[in-house]
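Below you'll find the structure, written out as structure tokens, and then a few comments.
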Amino acid sequence: MKKSAKSYTTSRKKRLAEKIGKITSKRDIVNIHDIITENEDVNITENKNGMHLLFHKYKDETYRKLDKFLHKINKKRKYFVDSENIPTENMVYKAYAKDKYPSQKNFSPKLKYSNKEKNIINRRIYNKNINQDVDSDILYTEYSLENLSDP
């Protein structure tokens, strides 16, 4: 028996199954079911959650047809991003949140502050923002032990 050039490993089968799981169109799901049942003798288990198939025991020809079909429907509907075709050098890290401590911008790896240090930094940032509000009639002073008077 000749081994095909495009043999499907377990990880490729998992990715294929995940792609199938993301499909929402019933027509596409029926077409996938037809592709599987035309090439395989499949034991289908049905319960209240739907139909369940053992996906790991099919012929490579079936996986190729499924892959081709998924590629075709993805061009139309964009169910999933095909990460195999995206070059990794074009991917750029983008942080979800604004950097809270920008003074560490050029450090790698970033320093980890203790809670006390974070509170001091946040307090200084807060004081700087308050003191910028010059038009206000309220006078803000920084907390220090020297400002306290003995009763």
- Note on the structure: Restricted to the range 20-46 and to residues being part of a loop (DSSP other than H, G, I, E, B) and within 12 Å of Tyr58 (Cα to Cα), the residue modelled with the lowest pLDDT is Glu40
- When residues of the range 1-19 are limited to those that are within 13 Å of His56 (Cβ to Cβ) and in a loop (DSSP other than H, G, I, E, B), the one modelled with the lowest pLDDT: Tyr8
- Task: Collect the residues in the range 55-67 that are within 13 Å of Leu16 (Cα to Cα) and either part of a loop (DSSP other than H, G, I, E, B) or not acidic (Asp, Glu) (or both), keeping them in residue-number order.
- Result: Phe55, His56, Tyr58, Thr62, Tyr63, Arg64, Lys65, Leu66
- Task: State whether the residues of the range 74-84 include one that is surrounded by 10 or more Cβ atoms within 10 Å (Cβ to Cβ), farther than 20 Å from Thr9 by Cβ, at pLDDT 75 or above and within 27 Å of the chain's Cα centre (by Cα).
- Result: yes
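The values are calculated or read from the model by the stated rules, or taken from the named source; none is laboratory data. Bear in mind the structure is a predicted one, so any value in this text is a computation, not a measurement. Reconstructed Cβ throughout: ideal geometry from the backbone, glycine too, with neighbour counts over all protein chains shown.
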